[in-house]
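First comes the structure, then the notes that go with it.
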């Protein structure tokens, strides 16, 4: 049986590792594009280190997509470039 130690990372370490803001992490998590946090206690959450490491590796192999904010829609500059 393989008993690999599972480490739980708290939010500051997760944010430092992934280089995203707290809001970005929670928005990605809500969209299902970031690992879900686990409850350590009723008022304390963290992320499994292995899942964060896998997510980082998956970003390396995924080409960057153009930025789009669903709450704001396309930028005015984009419409101007298209002649609208």
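Classification of segment 1-62 by its C-alpha gyration tensor yields an oblate form. The axis ratio a/c (a ≥ b ≥ c) is 1.5 or more, and b/c is at least a/b.
Based on Cα contacts under 8 Å between residues 6+ apart, segment 1-62 shows a relative contact order of 39 percent.
No lab work stands behind these numbers, since they all come straight from the coordinates. Note that this is a predicted model, so its numbers are computed, not measured.
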